[in-house]
Amino acid sequence: MDHSSDFLVIGTGIAGLSFALRAAEHGTVTVLTKGQPIESNTAWAQGGISAVLPEELRAPGDSCESHIADTIDAGAGLCDSQVVEDIIRGGAETIEELITYGVEFDKASHEGFSLGKEGGHSERRILHCKDTTGLSIAKALIERAEAHPNITLLSEHFAIDLVTTGRLGVVTDNRVIGAYALDEVTNQVITFRSDRVVLATGGCGKVYLYTTNPDSSTGDGVAMAWRAGASITNMEFVQFHPTCFYNPAATGAEARSFLVSEAVRGEGGILINAKGVEFTKEHDPRGSLAPRDIVARAIDHEIKKTGAPCVYLDVTHKPKGFMKERFPHIYNTLLSFGLDCETQPIPVVPAAHYQCGGVLTDVNGKSSIRGLFAIGEVACTGLHGANRLASNSLLEASVVARNALSEMMRLYPPNKPTPEAPPIPQWEHGDTNDPDELVIIYHNWDELRRLMWDYVSIIRTDKRLQRAAFRVANLRQEVREFYWGHRVTADILELRNLVAVSALIIDCAVRRKESRGIHYTLDYPKKDDRFLTPMELRRF
Ligand code: FAD
Ligand code: SIN
């Protein structure tokens, strides 16, 4: 079965839907998402979106220059300063746009917005909707997209692979011309044709055993782009959030992944060890509010030093009712797990949170393959460098979505015919459908996520990386055989992508023989400026 549109967007987070809503003013847009549209990192975002507002609305003393400097400081030498400048300066317009879509950011008691603070920010500049900012944004965008006559939003459509003319044997004109996707309800694979394809598939937190990410974050976009031949970069920079709720009794993925927002520290929450000592001060004078890489490493160090399973985020000194009012989602969720954070410190551990690397793009989301754009967490524009500043990711996704549409209209306007491409062949299924074999998938999922956690997380060494590389190569071979022999299912597709992305993370980590930002290795504990250029992986 074939389906054709002017624009094909894969993913329904802030990146994909911000793009789709704009593109729909210029042509037909098909938006695919696996599962339901609300299942995204976007919907789980808590702290908010950073932006320097017009002068009368921003915190006294704040400026774009200050936000730029904080972003570059967190990025540890690897940010592209022009990209940082372009994206930060787009903040006020993004907030305006989100408000027109119906997002209601919290107001302070006076006329202005209530502005939060997070690690690494020198000023209050985070707009939020209590502690469920992402959910408010996601709901507003989904509602708009579903109502737009030019947008066809297809849930439960799992994009499998991109189709390029190069892969179909054209040697003179390599460009993207569509994608295959699995209809998760009928189990049919459908061909989606378009000369303008946007990957907005989010990150890859599920590569790790412990993550703050929802189940949708399996690195599908990076894996698809890699298989299609796009350049990938900076995958060694996986950000670990310092404060994931430590809940050993939890069973469901959601309970194990529950984030306690950095904004809680921005409002005075303090990290302490079991003896009540504020240990982060030994690592950075900014203590609990130092950038994430520093705080996550400080916690890791503390846990290893003391043998304790976790540290604590203490807000018991805040006035009674404060947490319930400012962070109701966190307060109530913790309460549902039996913890009253107004009277008890919250046990926390670091967990994989954000993919700073990804598909290499410019500030307009343009990848190395013609017609293929990547926006949001799947992409690496150069904004985050070696470590993302908190709340810069919703901002980046929205600004780059806007840029991407302008760039596409300039380069490939739908009303300008493109050279005819060869017909896209129908998908060919592997035949076997043996449920007994499914144990291989579940076993390999677990093995992969555990080995990535043990060998490729906050503290790395050459030896651990080599071990991981060896095991991932074996898993890759097994998964490849399974993939080609069986009918595709969402589980096997995700495992195939997780394995591919794990290999990319390891490859990048092995090459970076220094410690910078979130990549820390005991074998090369210092920065080495010979590694100042981002490393690009290409598949020939
Ligand atoms: P996502 O929102 O993850 O959307 C990706 C979409 O692609 C999903 O709909 C997914 O189902 C779909 N998809 C994936 N693969 C496929 C496929 N193969 N086929 C079809 N569809 C597919 N950032 C901030 O700036 N501020 C915050 O306060 C903040 N808080 C966070 C809290 C949590 C708990 C988490 C996990 C992240 C947080 N982040 C925050 C990061 C931020 O939420 C994400 O980086 C951002 O939302 C990514 O948006 P996106 O549109 O790129 O991807
Ligand atoms: C948080 O609320 O702590 C997450 C913010 C982010 O990841 O940017």
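Any read-out appearing in this document is the output of simple, stated calculations on the displayed coordinates, not a laboratory observation. These figures come from a predicted structure and were not determined experimentally. So basically every Cβ, Gly included, is an ideal-geometry build from the backbone, and we count neighbours across all protein chains shown.
Would you kindly state how much longer the chain becomes between Ser4 and Asp73 on full extension, computed as 0.36 nm times their sequence separation minus their alpha carbon distance, in nm to one decimal?
Details: separation 69, 0.36 × 69 = 24.84 nm, distance 4.43 nm.
Gain in length upon complete extension: 20.4 nm.
What order do you get for Asp183, Asp195 when you list them from fewest to most C-beta neighbours inside 10 Å? Each step should come with its number before you reach the end.
Details: Asp183 15, Asp195 23.
Listing Asp183, Asp195 from fewest to most nearby Cβ atoms yields Asp183, Asp195.
Between Glu93 and Ala249, what is the spin-label point distance in nm, taking each point 7 Å from the Cα along the Cα→C-beta axis?
Between Glu93 and Ala249, the simple spin-label model gives 5.1 nm.
Mind listing the long-range amide H neighbours of Arg370? Cut-off is under 5 Å, sequence gap 5 or more, other chains count too, H placed in the peptide plane at 1.01 Å from N.
Residues meeting the criterion, in which the H sits 1.01 Å from N, are Val176.
Residues of the stretch 478-509 with amide nitrogen under 18 Å from the 7 Å Cα-to-Cβ point of Asp462?
Output list for this probe position: 506-509.
What residues from the stretch 33-54 fall in the zone where the backbone N is under 16 Å from a label point 7 Å along the Cα-to-C-beta line of His148?
Within reach of a label on His148: 33, 37-38.
Could you tell me how far the Cα centroid of the stretch 308-337 sits from the Cα centroid of the stretch 168-243, in Å?
Value for the Cα centre distance between the two parts: 36 Å.
Run the numbers for Ala308 and Asp454: contour at 0.36 nm per residue of separation, minus the present Cα-Cα distance, in nm. Each step should come with its number before you reach the end.
On the way: separation 146, 0.36 × 146 = 52.56 nm, distance 1.71 nm.
Taking 0.36 nm per residue and subtracting the Cα distance, the gain is 50.8 nm.
Search the structure for amide H atoms under 5 Å from the amide H of Phe113, placed 1.01 Å from N in the peptide plane, and list their residues when 5 or more places away or on another chain.
Ala108
Taking the stretch 120-198, which trypsin sites (Lys or Arg not before Pro) meet the DSSP loop condition and have no more than 13 other C-beta atoms within 10 Å? It would help to have the intermediate numbers written out before the result.
Values: sites: Arg124, Arg125, Lys130, Lys139, Arg144, Arg167, Arg175, Arg193, Arg196; in loops: Arg124, Arg125, Lys130, Arg167, Arg196.
Hits after loop and neighbour filter: nothing returned.
Report the full-extension gain for the segment His329 to Leu532: residue separation times 0.36 nm, less the Cα-Cα distance, to one decimal in nm.
Details: separation 203, 0.36 × 203 = 73.08 nm, distance 4.04 nm.
Answer, rounded to one decimal: 69.0 nm.
Helix hunt in the chain: which complete DSSP H runs extend at least 24 Å axially by C-alpha with mean Kyte-Doolittle at least 0.5? Write out the running numbers ahead of the final one.
Numbers: long enough: 392-411 (27 Å, 0.37); 438-455 (26 Å, -0.23); 462-485 (35 Å, -0.96); 490-511 (32 Å, 1.24).
Both cut-offs are met by 490-511.
So for the pair Glu55, Arg410, with labels modelled 7 Å out along Cα→Cβ, what separation do we get in nm?
Taking the simple label geometry, Glu55 and Arg410 are separated by 3.0 nm.
How big is Rg to Rh over the chain, alpha-carbon atoms, Rh as the Kirkwood inverse-mean-distance radius? It would help to have the intermediate numbers written out before the result.
Details: Rg = 22.3 Å, Rh = 23.4 Å.
My calculation of the ratio gives 0.95.
Could you tell me the calculated FRET efficiency between Glu104 and Asp215, based on Cβ-Cβ distance and R0 = 35 angstrom, to the nearest 0.05? Numbers along the way, then the final one.
Working: r = 28 Å, r/R0 = 0.80.
The calculated FRET efficiency here is 0.80.
Go through the stretch 162-170 residue by residue and turn each phi into a ³J(HN,Hα) via Karplus (6.51, -1.76, 1.60, θ = phi - 60°); whole Hz please, and just put x for glycine and proline.
So the Karplus estimates, Gly and Pro as x, are 7, 10, 10, 5, x, 5, 8, x, 7 Hz.
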